[in-house]
Amino acid sequence: MLFHVHMTVDIPLDLDKAYVENLKAKEKALSQELQQQGKWTHIWRIVGQYANISIFNVDSAGELHDILMSLPLYPFMQVEVTALCQHYSSVKNEEEAH
Ligand SMILES: O=C(O)CC1=CCC(=O)O1
């Protein structure tokens with residue numbers, strides 16, 4: 001199942017800098033692990049915002065939920081999830097679309 005996920009990060013300015021850098025490093029490591037596994041297939045920075053647009057390819061909505069909850073920066077994120085399915089005009093088959 002494909003999901004479009006819009007993550008907006010808002011970290012309080014008074015948090016300890018080392019703590020924040022550690023969270024970001026953990027976030028990056030987990031994100032890259034999930035990308036290597038083919039579960040987090042795209043991540044794009046939204047220009048001018050501390051936000052990203054990502055595409056996830058997971059087995060279920062529940063799996064996506066668990067992944068999002070496990071993100072180290074999750075407590076400081078607003079997350080909007082949109083479920084995707086194949087458009088009838090798409091020239092790609094479902095596998096290629098991933
Ligand atoms: O910086 C962000 O957009 C938040 C984030 C998600 C994965 C990652 O490495 O950073």
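At a glance:
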item	result
Exclusive hit being surrounded by 12 or more Cβ atoms within 10 Å (Cβ to Cβ) and of a type outside the set (A, V, I, L, M, F, W, C), set Tyr74, Tyr88	Tyr74
Residue list for the stretch 52-72, restricted to those being within 13 Å of the ligand (Cβ to nearest atom) and either free of Cβ contacts under 8 Å to residues at least 24 places away in the same chain or over 10 Å from the mean Cα position of the chain (by Cα) (or both)	Ser70, Pro72
Filtered residues of the stretch 16-62 (kept if among the β-branched types (Val, Ile, Thr) and part of a strand (DSSP E or B))	Thr41, Ile43, Ile53, Ile55
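Where a number appears in this text, it was derived from the coordinates with a stated rule and is not lab data. Everything quoted here is computed from the prediction, not taken from an experiment. Positions of Cβ are backbone-derived with ideal geometry, glycine not excepted, and every protein chain shown enters the neighbour counts.
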